[in-house]
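Structure first, then comments.
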Amino acid sequence: MEESLHTEIKQSLATAQNILLVSHVRPDGDAIGSLLAFGLALQEAGKKVQMVLADGVPSSFRHLPGSDQVRKSAQGSFDLVIALDCADLKRTGKTLEGFGKPHLNIDHHVTNELFGAINLIEPDAVATASILFRHLPEWGYTITQSVAVNLVTGIVTDTLGFRTTNTTPESLRQVAALMELGVDMTNLYYRGLVRRSFPAARYWAAGLSSLQRADGIVWGTMTLADRKNADYPGNDDADLINVISSIEDCDISMIFVEQSHGSVKISWRTQTPELDVSQIAKQFGGGGHPGAAGADVSGTLAEVQENVLAATRRALYLR
């Protein structure tokens, strides 16, 4: 079964000449790294490629090779449409409007909804970039230094610098092999996980000052006013969830980020093995991994927070 799947993928890639690559809204390091790595590898093989992200590339990842090619909408027609690192179709935003469902769906989220004509889903992989590292050569594509830089970014950021519970010896070996191609992993680690802009730091201050703790849950809130006051340009949490998740004596860490279109973005994190926060996220139309998940929920900040916290408390009670 797996062999026939990869044969089908290889043939689809070989016959296509105009290829569209997309990933999810509010792209993280794995979404961006996977998109750029695959796009550059395909271009190296002579393919015409458009790489599209609905929200563009954040400033923290614009140092990556190929990032200047990313556009916010697709133009033209394509032989092959590929979605990367997306658990469900709506996570692509408006990038696929007029193009239908993707031909190929490559992802590592256990909650993936198998929305592609061909679905390569490997939940054991630490990142979608890790899946590409495994398979690009067998599909006939070369991992150049530029491709390697993007793959390392995807793996390092999605494992939070090899700190997530799904980090494997294989993922460490993958990055070691990519470093042998001349990749400066320590610099990519710093740029992707450590360095912050001044507005992001001010935005963090607002989120940290809102922290609450009860019933084994720690949560923070970031409002539209907080974002405006900090002059933060994004619509995410500036990775504050990774700080909140380090707080001791809690089972689940959460962040609520108010959005301008009448919804709230929620992120869950847990280090407790018997908990699966992706199942909580699925109740609200989201998804992710057992230890890290997210959802976008329509409604006011107050009502969304009340409903989501109640569901999270139930999950803790029923474990």
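Here, each number is a calculation from the coordinates, and none is a lab measurement. As the structure is a computational prediction, the values presented were derived from the model and not from experiment. Here Cβ is always computed from backbone atoms with ideal geometry, including for glycine, and neighbour counts include all displayed protein chains.
How big, in percent, is the set of alpha carbon pairs in region 189-251 lying more than 18 Å apart?
37
May I ask you to give the average projected area over all directions of the convex hull of the Cα atoms of region 117-253, in nm² rounded to one decimal?
So the Cα hull casts an average projection of 11.0 nm².
Using Stokes-Einstein with the Kirkwood hydrodynamic radius over Cα pairs, what translational diffusion coefficient do you get for region 222-274 at 10 °C and a viscosity of 1.306 mPa s, in µm²/s rounded to a whole number?
131
In whole Å, what are the extents of region 58-203 along the principal axes defined by its C-alpha atoms, from largest to smallest?
Principal axes ranked by extent give 40, 39, 29 Å for the Cα atoms.
By the scheme Lys and Arg +1, Asp and Glu -1, what is the net charge of all other residues having a beta-carbon under 11 Å from that of Thr221?
Summing Lys and Arg as +1 and Asp and Glu as -1 gives -3.
Working from Cα positions, state the angle (0 to 90°, nearest 10) between the long axis of helix 145-158 and the longest principal axis of the chain.
Long axis of 145-158 versus the principal axis of the chain: about 20 degrees.
For a protection proxy built on the mean count of beta-carbon atoms within 10 angstrom, sort 29-37, 162-170, 282-290, 93-101 highest first, please.
Going from most to least packed, we get 29-37, 282-290, 93-101, 162-170.
Along each of the three principal axes of the Cα atoms of the chain, give the extent in whole Å, ordering the values from largest to smallest.
Result, largest extent first: 55, 37, 37 Å.
Cut-off is 10 Å between beta-carbons; in what order do Met254, Met179 appear when sorted fewest neighbours first?
Met179, Met254
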